[in-house]
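In what follows, a structure is listed as structure tokens, so that the remarks can point back to it.
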């Protein structure tokens, strides 16, 4: 099967609509950033504390927010994380600008106790099996088990407790709704089950994770990530300049920049948060976009060697057409994997896959409509100044292929 | 060509075997296989669950402590040499940035004794720089080189102590390490895998604080019921150099207990060498401890003077134990009369873990519960399989038989990547998975590039063998350029990035190297193998 056989589209002739579209997208993105008063950063980049909580039934955001406000100073936000393969999950976050690390720490601990007070059974004297640790549960069960006539050694108690939590975490996402769900635990018997029923209850929520980021670390991470990315871009520019010509390196790097800016703009337009995993995604898309650009540049370089008489624009068009099949296949296939990630990847990977979905689309067309025109503009400009029609080819020596 | 093909096949088979061994070892049963995979492919904290804490060591505490100790020492030596002054004060640093500004100010040294004072500082505190403020007042500051050493030692001390304390808690595979640059950053990174309750993990580290043993006020050695009660009994004024501390609540204790304690410690955790629980002759629980020679001298002097008085063991501004001094204790002693084995164990752990030279402040925490980690793995696997299936289907439909090459190369690439992670003892994290995804993308791209080139060559009317040959050769330089560019960027990301960014760079680099091998070398070998079987073949399924 072949989709694109000897195509001959005039890609570079249609560059302007795409360049304008890019400009519009960039302006829209930045306009949205300005309107919203800056980017929405994830917890890793700003100061704050948050916990991720799974509920047994659809969570009542308002009830959560109100309960939190009684105890916690500052703003409290409750964000729904449902979808993407997770249900009834929320992220409760507090921002504490200028309150320092110890306040954040206190907030993070308070949030958990507020949840227990509001949704749990704090007065029952029982242990919440959905929010406990192995040692806590072991300590709680050890004596009652002995009293109930279930003879277990200390090692057996520890193994039992580990298995109970293991089944809960791996088979029920850490959130049990009925103790009978534990009947599959190895070594479970009626005596143990009775003891569990007497000593434990199941709160309708499970704290799945917690983050706290003080002002110092947030700023540092942000600076480090930006610094590393800029150095990486510079490194690529130098390599491409060495292999091709400096203007090719510049074109490729500007195209990558363009992709990153538009993706960041789209994050703002869709109200999504920039977190550390999103940074990883941006790095991925820089790599992807660069790869795509180099494939086309490589073909341009090759074509320039054989046909020196043709105009650069015609050579470029031919290169894009020749690689069209490859571009569509690669982008399409990568897009498939990323879409799978976006649909089934869960809340943790949502921002990551969103960035890649945007990035692959933008990164693919930027190679054709941004990177190549930059090289073309420069050469046309240089030629008009030199008044010589010959187009420069790679300055770097390239050995004939094996 | 036949011989060449054999060598290539051997190389590939050996690589596959080495990689598979790296991932699954030599399993003897099905359970063994699962265990080996779990052991070899280590998951990062974000996937397996655990806590990731960044703490800042308050180095200014140590600098201040050093200045105070030095002033105390100077005062003692000064009295001996008949040099006295009115007051000595050490500035109170608020944050780590103030550590370099800690200054001791000495006021009221008689002008006639100025040169004697200078000599005293020169011999007794040679690592301090003395500056005269006027004829009677002076300021002292630690020399810059000594300051740097002190800060480094403090951070290292904190790392060691926290490491000991965590190990004592029985959490396995923990790591406590310097975060950022030694000497200019005072942060430490603590990783606690598998701690199932994030709040508890924090509490474990939160316990980390200074341990001191202080004398209890002789006139008030029975506990007060509350701070208010104490203040009322003291007539509303806290005696000079004394502080009220609360006793840590005990099981079976009757309400709060507060003690009036001398604020200057007799010894600190630094003087503590070892401590362990045990039983005395009548099988009552006790904790015995040994002190450093220096600490022993201090302790002997104090206990000799205060027989029958009480001592308080203070940890984290909370009294964990109060004991009566029965006799003069030098470098080893016992705290007797403890009610349970647990109490004896806890106390010896408090004593043994020593004291941090400076307190630590939490800067950030990232805790992922095991359930969230399990969810992420599950969702990650589902989406990876869905994505791969889609890719495989399209490749097979679009490139027919040659698509099989690409699929084999893709699978082998993933196997090599996993094996490399296992051999390098790296851990697979979420950003690492991002690297894997880009690797798969680029692996697909390499195959597509090669196949499209072969098709182009076939279209020009070349024979099958020549087309495959030229296709691979022409695609080769494109593959080199794309891969080297990405590796260059990975090198920078690794050098300048941190944590997650580095994980991404490492997996991507391994993946790219594996990809050059699988997409070019392995795929080529499969083509050659097919072609050699049917010499002069007219059509290639591509």
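Measure nothing fancy, just the Cα-based angle from helix B:341-352's long axis to the longest principal axis of chain B, in degrees from 0 to 90, nearest 10.
Orientation of helix B:341-352: about 90 degrees from the principal axis.
If each of residue B:137 and residue B:39 carries a label point 7 Å out from its Cα toward its Cβ, how far apart are those two points in nm?
Between residue B:137 and residue B:39, the label points sit 6.9 nm apart.
Find the percent of Cα-Cα distances in segment A:127-203 that exceed 22 Å, and round it to a whole number.
Within segment A:127-203, distances greater than 22 Å cover 10 percent of Cα pairs.
Based on Cα positions only, what radius of gyration and what Dmax would you give for segment B:388-542, in angstroms?
16.8, 55
Angle between the Cα long axis of helix B:144-168 and the longest principal axis of chain B, 0 to 90 degrees, nearest 10?
Orientation of helix B:144-168: about 80 degrees from the principal axis.
Looking only at Cα atoms, what is the convex hull volume of chain B per residue, in Å³?
Enclosed volume per residue, from the Cα hull, is 222 Å³.
May I ask you to give the average projected area over all directions of the convex hull of the Cα atoms of chain A, in nm² rounded to one decimal?
Computed as one quarter of the Cα hull surface, the answer is 27.6 nm².
Within segment A:313-352, list the residues whose amide N lies under 12 Å from a label point set 7 Å along Cα→Cβ of residue A:380.
A:313-314
Assuming R0 = 45 Å, can you tell me the calculated FRET efficiency for the pair residue B:124 and residue A:223, based on Cβ-Cβ distance, to the nearest 0.05?
0.55
Normalised by the residues of segment A:127-203, what does the relative contact order come to in percent, with Cα pairs under 8 Å and at least six apart?
The value is 46 percent.
Please grab the % of Cα pairs in segment A:157-307 that end up more than 22 Å from each other.
Beyond 22 Å sits 64 percent of the P(r) for segment A:157-307.
Between residue B:94 and residue B:327, with labels modelled 7 Å along Cα→Cβ, what's the label distance in nm to one decimal, could you check?
It is 5.2 nm.
Need one number: convex hull volume per residue for segment B:209-364, Cα atoms only, in Å³.
137
Specify the angular offset, from 0 to 90 degrees and rounded to the nearest 10, of the alpha carbon long axis of helix B:59-80 from the longest principal axis of the alpha carbons in chain B.
Roughly 30 degrees, rounded to the nearest 10.
Tell me the relative contact order for segment B:209-364 as a rounded percent, counting alpha carbon contacts under 8 Å between residues six or more apart.
31
For segment B:59-145, with equal point scatterers placed on the C-alpha atoms only and solvent neglected, what are the log10 I(q)/I(0) values from the Debye formula at q = 0.11 1/Å, to two decimals?
Cα-only, vacuum Debye calculation for segment B:59-145: -0.27.
Can you compute the FRET efficiency between residue B:393 and residue A:246 using 1/(1 + (r/R0)^6), with r the Cβ-Cβ distance and R0 = 30 Å? Round to the nearest 0.05.
0.10
For the protein assembly as shown, just the Cα atoms, rotate onto the principal axes and tell me the three extents in Å, largest first.
Ordered largest first, the protein assembly as shown gives principal extents of 107, 83, 60 Å.
7 Å from Cα along Cα→Cβ at both residue A:310 and residue B:77: what's the point-to-point distance in nm?
8.6
At a threshold of 8 angstrom on Cα-Cα distance, excluding pairs fewer than six apart, so keeping six or more, what relative contact order does chain A reach in percent?
Reported as a whole number, the value is 25 percent.
Every number in this text was worked out from the coordinates using simple rules, so none of it is lab data. None of these values were measured; they are calculated from a predicted model. All Cβ positions, even for glycine, are placed from backbone atoms using ideal geometry, and neighbour counts span all protein chains on display.
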